[in-house]
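The values are calculated or read from the model by the stated rules, or taken from the named source; none is laboratory data. It should be emphasised that the depicted structure is a prediction, and the values quoted were computed from it without experimental measurement. Here Cβ is always computed from backbone atoms with ideal geometry, including for glycine, and neighbour counts include all displayed protein chains. We work out accessible area using only protein heavy atoms, side chains counted, and drop any ligands, DNA or RNA first. Shrake-Rupley method; radii C 1.70, N 1.55, O 1.52, S 1.80 Å.
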Amino acid sequence: MKRGYVQIYTGDGKGKTTAAIGLAVRAALAGEKVFIGQFIKGMKYSELSLPDYVDKIVIEQFGRKCFIKSSPERQDLEAARNGLARSREIIIGREFGVVVLDEIFIAHYYRLISTEDIRKLISAKSEETELVLTGRKAPTEIFDEADLVTEMREIKHYYSVGVQAREGIEF
């Protein structure tokens with residue numbers, strides 16, 4: 001790519017990770033190497049199989065288990081800090097044309113990483129790297145540093161009538 005941008009997908013609606021994964025697949029099929037770092041996530045998600053099918057995609061998880069309905073523990077902080085260091089290493093290394101940092105804003109919301117940490121990642125990005133940041137509750141003070149901000153807004157969701165998360169659709 002000649003010029004990479006900073007994209008943010010946030011909001012309370014479904015589709016942030018899905019949009020980022022779609023962008024990652026499209027970029028890989030166009031010849032770009034893609035790194036996907038998943039903050040908070042440590043469970044099995046269907047997209048973890050993606051590198052088996054698309055060799056230009058690398059996925060790493062920077063989480064342990066879901067604590068969203070409880071509180072993060074010391075190990076969650078360590079996982080997020082390790083993920084932050086790894087993300088910086090990936091961005092500075094310039095091996096990947098596209099870097100997706102999935103759920104980085106949830107890590108921020110739970111105070112596992114700071115706004116300044118996110119700013120430093122953005123400023124470390126080369127001119128050619130596309131950086132995609134996802135997660136609910138993105139700090140609005142980061143918006144000025146992004147080139148694209150999309151807010152997913154829930155209007156209607158089948159969860160409200162008791163439909164559970166489905167493999168291949170929600171995870």
- Item | Tally, over the range 96-119, of residues that are assigned to a loop (DSSP other than H, G, I, E, B) and among the basic types (Lys, Arg) | 1
- Query: Being without any contact (Cβ under 8 Å) to a residue 12 or more places away in the chain and either open to solvent by 10 Å² or more (accessible area, probe 1.4 Å) or among the aliphatic types (A, V, I, L, M) (or both), is that true of even one residue in the range 96-110?
  - Reply: no
- Note on the structure: Within the range 13-37, residues being part of a loop (DSSP other than H, G, I, E, B), of a type in the set (D, E, K, R) and more than 15 Å from the chain's Cα centre (by Cα) number 2
- Query: When residues of the range 98-128 are filtered for being of a type outside the set (D, E, K, R) and in contact with a Lys or Arg (Cβ under 7 Å, 6 or more places away or on another chain), how many remain?
  - Reply: 6
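Looking at the range 120-171 only, could you name the residues that are farther than 30 Å from Gly93 by Cα and either outside any loop (DSSP other than H, G, I, E, B) or hydroxyl-bearing (Ser, Thr, Tyr) (or both)?
Correct list: Tyr158, Tyr159, Ser160, Val161.
Say whether the condition of being open to solvent by 30 Å² or more (accessible area, probe 1.4 Å), β-branched (Val, Ile, Thr) and within 23 Å of Tyr110 (Cα to Cα) is met by at least one residue in the range 22-30. Before you say what the answer is, go through the steps one by one.
Within the range 22-30, the subset open to solvent by 30 Å² or more (accessible area, probe 1.4 Å) is 22-23, 25-26, 29-30.
Those still in the list that are β-branched (Val, Ile, Thr) too: 25.
This time we only want the ones that are within 23 Å of Tyr110 (Cα to Cα), so: none.
No, the range 22-30 has no match at all.
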- Among what's in the range 38-67 and is among the aliphatic types (A, V, I, L, M) and part of a helix (DSSP H, G or I), pick the residue that is most open to solvent (accessible area, probe 1.4 Å). Leu48
